[in-house]
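**Q** Sharing a structure below in structure tokens format, with a few things to ask.
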Amino acid sequence: FSFRKLWAFTGPGFLMSIAYLDPGNIESDLQSGAVAGFKLLWVLMLATSIGLLLQRLAARLGVVTGLHLAEVCNRQYQKVPRIILWLMVELAIIGSDMQEVIGSAIAINLLSVGKIPLWGGVLITIADTFMFLFLDKYGLRKLEAFFGFLITIMALTFGYEYVTVKPNQEKLLKGLFIPYCQNCGTTQLEQAVGIVGAVIMPHNMYLHSALVKSRQVNRANKKEVQEANKYFFIESCIALFVSFIINIFVVTVFAEAFFEKTNADVNEVCMNASSPHSSLFPNNNQTLEVDIYKGGVVLGCYFGPAALYIWAIGILAAGQSSTMTGTYSGQFVMEGFLNLRWSRFARVLLTRSIAVTPTLFVAIFQDVEHLTGMNDFLNVLMSLQLPFALIPVLTFTSLPSVMNDFANGL
């Protein structure tokens, strides 16, 4: 084992792990904590573990064949299934893009104390995408370093909330390692399914299989291929462990502070704190429902304005970091399935336009609750798209004709 070699292979896994930290994931985390307390932490751990297995298979496919998943699909499938797969993955990418736009817009609105409206935040996220394209010109390694910086911001901001709230460690460990959900109903079940859809992103498998190609590997040398597989797997483990810890921060903060709270409880605290957002919570005994926007507001009411702004910075980092991974995924998918080599600028312009248009209409004509409601719908959409990435990955990595000596036995 060599740390120097691990460093050389470090990058693709962290870019891939950003999909486990996008605004859709953060919203799923906080709702899980508020709705079920610590009881669904084991679902999060199980989903992340399954995600790691699938990312390992996707990375192995890229390393062994020198082709990413979309290129292998193009070679192995007939025209009709190939087009169906492409459309499903594009739908997942657009849905993910919408979540990133929504998250960034809400974060900008919170940071500006409402002075920048939601539709203004949506427009700003269009402009910042092209800033990432500019950064991309300086090389993939620098882009990887920048995303590492954004992940660090998320770890620090959500870690700050964790330290401030001080969740019960005994309940945390019980929730992680004992698969139970006492007194759970339909709401908790829906949330458990939503966690899986939010964590395992279908287009992320296409992305990871392509990113590993950025490292030079002599595929004629079996030992070199084995070594590359080993280091990419170690890097993926580290990256997903970091993302898992950040997700735990969010779940446990809301499980400790807001599980079984009512609107009246929060309304009273926000009124006492002179929060301008206290009208968000009607003075009734209904169970508190939170989303990315309300989550920041209630943190501000209970733990001071610093908690609100630090939360918004974390959400902004999540939204911005996942923007470019969606762009890369879209480019690899289009090139692989259709043999179309568009410039990144044209590619971003197309997908971001499709993603921004419905989001912008909702932001202009509806309130923030409808905007975050879209996030829930998009998490369900991701769950439905998952088989269209799962089936090719599991199929190709088990075929000796594709993977040679590296085919899986299952």
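Readers should treat all values here as calculations from the given coordinates under stated rules, not as data from a laboratory. Keep in mind the model is a prediction, meaning the values are calculated, not measured. Ideal geometry is used to build each Cβ from the backbone, glycine not excepted, and the neighbour counts take in all protein chains shown.
**Q** Quick one: work out Rg over Rh on the C-alpha atoms of the chain, Rh as Kirkwood radius.
**A** 0.98
**Q** How far is helix 387-396 tilted off the main Cα axis of the chain, in degrees rounded to 10, range 0 to 90?
**A** 30 degrees
**Q** Determine the sum of side-chain charges near THR397: Lys and Arg each +1, Asp and Glu each -1, restricted to other residues whose C-beta is under 10 angstrom from that of THR397.
**A** Computed value for this residue: +2.
**Q** Helix-only mean residue ellipticity at 222 nm, the chain, DSSP H runs n ≥ 4 weighted -39,500 (n - 2.57), per residue, nearest 500. What is it?
**A** Rounded to the nearest 500, the figure is -26000 deg cm²/dmol.
**Q** So, one more: Using the structure shown, select from LYS39/LYS230; LYS142/LYS222; LYS174/LYS261 the pairs with a Cα to Cα distance greater than 23 angstrom.
**A** Those over the limit are LYS39/LYS230; LYS142/LYS222.
**Q** If you don't mind, another one. List the cysteines in the chain whose Cβ has no other cysteine Cβ under 4.7 Å from it.
**A** Within the chain, the cysteines lacking a partner Cβ under 4.7 Å are CYS73, CYS237.
**Q** So, one more: Which is the longest run of the chain containing none of the chymotrypsin sites (Phe, Trp or Tyr not before Pro) found in DSSP loop states (not H, G, I, E, B) with at most 12 other C-beta atoms within 10 Å?
**A** The answer is 181-410.
**Q** Please list the non-local residues whose amide H lies under 5 Å from the amide H of THR262, H modeled 1.01 Å from N, same-chain partners needing a gap of 5 or more.
**A** HN-HN under 5 Å from THR262: LEU288.
**Q** Using DSSP to call loops (not H, G, I, E or B), can you name the trypsin sites (Lys or Arg not before Pro) in the stretch 45-145 whose Cβ has at most 13 other Cβ atoms within 10 angstrom?
**A** LYS115, LYS137
**Q** By how many degrees, 0 to 90 and rounded to 10, does the Cα axis of helix 368-385 deviate from the longest principal axis of the chain?
**A** 30 degrees
**Q** With a ≥ b ≥ c taken as the square roots of the eigenvalues of the C-alpha gyration tensor of the stretch 167-240, please select rounded if a/c is under 1.5 and otherwise prolate if a/b is larger than b/c or oblate if it is not?
**A** prolate
**Q** Taking Cα atoms, how many degrees apart are the long axis of helix 186-199 and the longest axis of the chain, rounded to 10 and kept between 0 and 90?
**A** 40 degrees
**Q** Evaluate the relative contact order of the chain (contact order divided by residue number), counting alpha-carbon pairs under 8 angstrom at least 6 apart; express in whole percent.
**A** The normalised contact order for the chain reaches 39 percent.
**Q** Let a ≥ b ≥ c be the square roots of the eigenvalues of the Cα gyration tensor of the stretch 1-149; is it rounded (a/c under 1.5), or, if not, prolate (a/b larger than b/c) or oblate?
**A** Rounded shape, in that the Cα axes give a/c under 1.5.
**Q** Which trypsin sites (Lys or Arg not before Pro) in the stretch 178-262 pass both tests, a DSSP loop state and at most 13 other beta-carbon atoms within 10 Å?
**A** Those that pass, being in a loop and sparsely packed, are ARG219.
**Q** Pulled fully out, how much extra length does the chain show between ASN218 and LEU140, if you take 0.36 nm times their separation in residues and subtract their Cα-Cα distance?
**A** Gain on stretching ASN218 to LEU140: 26.1 nm.
**Q** Let me ask something additional. Read phi for every residue in the stretch 110-118 and hand back ³J(HN,Hα) as whole Hz from Karplus 6.51 cos²θ - 1.76 cosθ + 1.60, θ = phi - 60°, with x for Gly and Pro.
**A** 5, 5, 8, 6, x, 5, 8, x, 4
**Q** Once the dipole of the chain is set up with Lys and Arg at +1 and Asp and Glu at -1 on Cβ about the Cα centre, which of PRO167, THR262, ILE84 lies farthest towards its positive end?
**A** Highest projection toward the positive end goes to ILE84.
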